[in-house]
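Scroll down for the structure; my scribbles are underneath it.
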Amino acid sequence: ARKGGSMNVLRLRWGPRLCSFARQPCVPAPGCRSWSAQAVSSPGNTTVAAKTQGPRGSQGQARPLRAPKPEVARIKEAAHAKDWDGALEVFERSERSLLEYNAILHAADKCNRFAEAMELYEIMSQAGCPQNQATLAPLINLCGRHRKLEDAKHLIAAMRAKGIPPNAWLFECLIKAHSVARDLPGALGSWRELKAEGLQPTPDSCYEILRMLAGKGDLVSLEAFLEEEAQRIKLNIFHYQFLLRACVKATNVDRALRAMSEMRAAGVSPDLYSYTMLLTVLRKADQASQEQIESLLSHMKADGVRKDAFFSEVLLTSSLGLDPLGALQRVEGLPRPVLQRGARFLEEIEASGLEFTALTQRLAVRLREVLARPAEDWVKVVQPRDDGRGQASEAAYFWDRATGRTQWEPPGVPVNETVVAA
């Protein structure tokens, strides 16, 4: 396709229907600001696209608002329904102006049609159709989704060569493309380039960088990034939520508690998500004691934050000291006092009238089954263990629920025989 055979490629890939418009000239949309100093006449279109110098005409009067073109609206409807064939069919019958091309590229993005989008962009460029930043946004999204970050950089370089500088929104798309490709250094490079251009970053650009840093648990880099942002804007609840997510990933309870204090000092009220993250990091660090949980619930009440079903699930698993992923399998190995504490929290959740999540429902059934058994039974517990080679192995031991006493395999008895006897 890049060596002059694009029409044959199009014919093989999509049939003659797309080839029917591939060599036709682009018709500018009425009032299109990217088109200048030419009068355009075509069947069904007698509008003259004149050069504009801003939002007002030469007489200084505001232009009347134009109704959206029906073809563009229908292409976008098909894109929303992820109907690529429907969007392409409407595009074939359209004027193929900037608006229609932008709409069909948007449809390609929604329908995840990378190859088709790149071919359409090439046809658009060869036809001499004007372009703007909205033209490249869906292409960059597709490049990120398909790990074609070099193609995204080439597209922006080509746009610069045409005299169209990237704006903050386009940089946001580029940062998100790096995020989808899990390329943190590339995302940070795009962020620095955005700042070097003198552009004001969009909030989503900042959040995307924070999301990637939080996902890696890189508290040092995240704190440095927030410190830099605090000089530019006032930090809001979302900035602190990403900080708490990083604390969960790094299992850093002290930093999470300090983040809650910093939040209040900055005049930002912690929300339910913030308390959920704090409770999660306490559970991960095995510090979700009865006192810690009671203190957290009292702070929630003082802040006017109400529990929901998901928080109740985290509260129940934290009171049991379990990870939600393996909670059902490990309930049987918990000491009876811990099980009874979980049962008390379960009663409180039921009394609050909240709906149970699926995990909470299964845990409630399991708790009642285990508590109905005699407390003297010894229980076999199997848990993952790092064997030093980066692989998980399993270790079997026994735990007396009544006392919480742990006993490894009895002396002189092989592990396999011990497990069988249990």
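The values are calculated or read from the model by the stated rules, or taken from the named source; none is laboratory data. As the structure is a computational prediction, the values presented were derived from the model and not from experiment. Cβ sites come from the backbone with ideal geometry, for glycine too, and all protein chains shown count toward neighbours. Please note that ligands, DNA and RNA were not included when accessible areas were found on the heavy atoms of the full protein model with its side chains. Shrake-Rupley method; radii C 1.70, N 1.55, O 1.52, S 1.80 Å.
General remarks:
- Scanning the stretch 205-237 for residues that are assigned to a helix (DSSP H, G or I) and open to solvent by 70 Å² or more (accessible area, probe 1.4 Å) returns R211, K216, V220, E227, E228.
- Consider the stretch 138-179 and keep the residues that are β-branched (V, I, T) and farther than 15 Å from M118 by Cβ. The one that is modelled with the highest pLDDT is I175.
- Condition check for P270 on (1) open to solvent by 50 Å² or more (accessible area, probe 1.4 Å); (2) outside any helix (DSSP H, G or I); (3) touching an Asp or Glu at 6+ places or on another chain (Cβ under 9 Å); (4) not acidic (D, E): one failure, at (1).
- Matching entry among R255, R264 (being part of a helix (DSSP H, G or I), at pLDDT 90 or above and out of contact with any helix residue (DSSP H, G or I) (no Cβ under 9 Å at 6 or more places or on another chain)): R264
- Meets criteria (open to solvent by less than 80 Å² (accessible area, probe 1.4 Å), farther than 24 Å from E291 by Cα and either over 35 Å from the mean Cα position of the chain (by Cα) or at pLDDT 75 or above (or both)) for V370: yes
- Selection count where residues are of a type outside the set (S, T, Y) and more than 17 Å from E172 (Cα to Cα), scope the stretch 188-237: 21
- Contacts under 7 angstrom Cβ, first residue in the stretch 138-157 being touching a residue at least 60 places away in the same chain (Cβ under 8 Å), partner buried (at least 24 other Cβ atoms within 10 Å of the Cβ) and assigned to a helix (DSSP H, G or I), 6 or more apart: none
- Against the test of being within 38 Å of the chain's Cα centre (by Cα), open to solvent by 60 Å² or more (accessible area, probe 1.4 Å), of a type in the set (S, T, N, Q) and modelled with pLDDT of 80 or more, the options Q391, Q361 yield a single qualifying residue, Q361.
- Across the stretch 153-181, the qualifying residues are those that are farther than 21 Å from G215 by Cα and part of a loop (DSSP other than H, G, I, E, B), and the one among them that is least open to solvent (accessible area, probe 1.4 Å) is P166.
Residues checked against (1) of a type in the set (D, E, K, R); (2) open to solvent by 10 Å² or more (accessible area, probe 1.4 Å); (3) under 19 Å from the mean Cα position of the chain (by Cα):
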| site | (1), (2), (3) |
| --- | --- |
| N102 | no, yes, no |
| N112 | no, yes, yes |
| A115 | no, yes, no |
| E122 | yes, yes, no |
| L136 | no, no, no |
| L142 | no, no, yes |
| D151 | yes, yes, no |
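- Candidate set from the stretch 318-358 (those that are open to solvent by 60 Å² or more (accessible area, probe 1.4 Å) and of a type in the set (D, E)); member that is nearest to V281 (Cα to Cα): D323
- Qualifying residue in the stretch 294-311 (condition: in contact (Cβ under 8 Å) with a residue 40 or more places away in the chain and of a type outside the set (D, E, K, R)): yes
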